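The next block holds one structure in the form of structure tokens; read it before the comments.
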Amino acid sequence: MRKELLYTPHLLLQRIAEKATQHARLRRLRGTCAHWLTHDHIDSLELIELAATEGARVFYDVGANVGSWALLCRAFVPQSTIVAFEPLPDHCAQFDKNLRNEKNVRLFRTALGPAEESRPLLVVSNSDASSLLPLTPEGANLWSIQETARVEVPVVTLDHLRAKEGFPAPDLIKLDVQGFELAVLQGATETLRLASWVMAEVSFRKFYEGQVLFSALAGFLGERGFEVHAFGHSMRIARRLDQVDVLFGRVKPGT
């Protein structure tokens, strides 16, 4: 425990409340396939639950990483269908291991973007922050990471892949692609028309060269009938914003 907490009771009480909230959120995963996840994995827990209560059953997991978000979906919607996309081979191998007992889960080992091409994926020392875009000095300094390798990966459009493979239309499209969110959606305009929800990790500062920020992403989705529905658990109040998960919902007629 930090010594200063002993001399500032309100900070100590705040820390205790934060820890209690973390434990309460994790307890909700007991007895589910997601029981082993940690607090770092579950920022979007409540957002998934919100969409699920509105009937979301088919989830597209774009930037699937090792499958922790897919497991959260399964924890709240056991009969869900999950279509996942992840280009990094090491992440794909771990995804397969973590989801090996789950049915109706399909993983495509590819990145998504606005056109079909091959691009280098810039792998960094914390592989979760790897991106098709190069780090800015601000991103490298904030997260204390650096580029360690480059892996050539295939990039396809979501519209083309969905038409080719025939997987079901999404209720919710989740995006966690380190600044490449708008590029993914530019290749998914037909698929986006079928969705009721978009969940995205949005940034308010440029951590990658050429990345989309919250305002531009919200504007793009707003032009296509979506509005901000809810912010994730890590939303910071009265402090500078870095990143947060946001749930965008399609505006219903007459509202």
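So here's what we get for this one:
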{"item": "Members of the stretch 223-244 found to be of a type outside the set (D, E, K, R), outside any strand (DSSP E or B) and in contact with a Phe, Trp or Tyr (Cβ under 9 Å, 6 or more places away or on another chain), listed by number", "result": "L241"}
{"item": "Among residues of the stretch 127-164, those that are more than 17 Å from A183 (Cα to Cα), charged (D, E, K, R) and in contact (Cβ under 8 Å) with a residue 24 or more places away in the chain, counted", "result": "5"}
{"item": "Candidates D40, D90, D96, D61 - the one that is surrounded by fewer than 17 Cβ atoms within 10 Å (Cβ to Cβ) and within 15 Å of the chain's Cα centre (by Cα)", "result": "D40"}
{"item": "Meets criteria (in the same structural domain as L192 (by TED's automatic domain parsing), touching a Cys at 6+ places or on another chain (Cβ under 9 Å) and part of a helix (DSSP H, G or I)) for A70", "result": "no"}
{"item": "Tally, over the stretch 93-120, of residues that are in a loop (DSSP other than H, G, I, E, B), touching a Ser or Thr at 6+ places or on another chain (Cβ under 9 Å) and over 17 Å from L72 (Cβ atoms)", "result": "4"}
{"item": "Residues located in the stretch 226-254, provided they are farther than 20 Å from L50 by Cβ, charged (D, E, K, R) and more than 18 Å from the chain's Cα centre (by Cα)", "result": "R239, R240"}
{"item": "Where L185 falls short, out of the listed (1) assigned to a loop (DSSP other than H, G, I, E, B); (2) under 16 Å from the mean Cα position of the chain (by Cα); (3) modelled with pLDDT of 95 or more; (4) among the aliphatic types (A, V, I, L, M)", "result": "(1)"}
{"item": "Complete set of residues in the stretch 73-87 that are in a helix (DSSP H, G or I) and either surrounded by 21 or more Cβ atoms within 10 Å (Cβ to Cβ) or under 13 Å from the mean Cα position of the chain (by Cα) (or both)", "result": "C73, R74, A75"}
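The rows are residues; the columns are (1) part of a strand (DSSP E or B); (2) under 18 Å from the mean Cα position of the chain (by Cα).
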site	(1), (2)
V123	yes, yes
L133	no, yes
N141	no, no
V151	yes, no
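The values are calculated or read from the model by the stated rules, or taken from the named source; none is laboratory data. What you see is a predicted model, and the numbers here were worked out from it, not measured in a lab. No Cβ is skipped: glycine too gets one built from the backbone with ideal geometry, and neighbour counts run over all protein chains shown.
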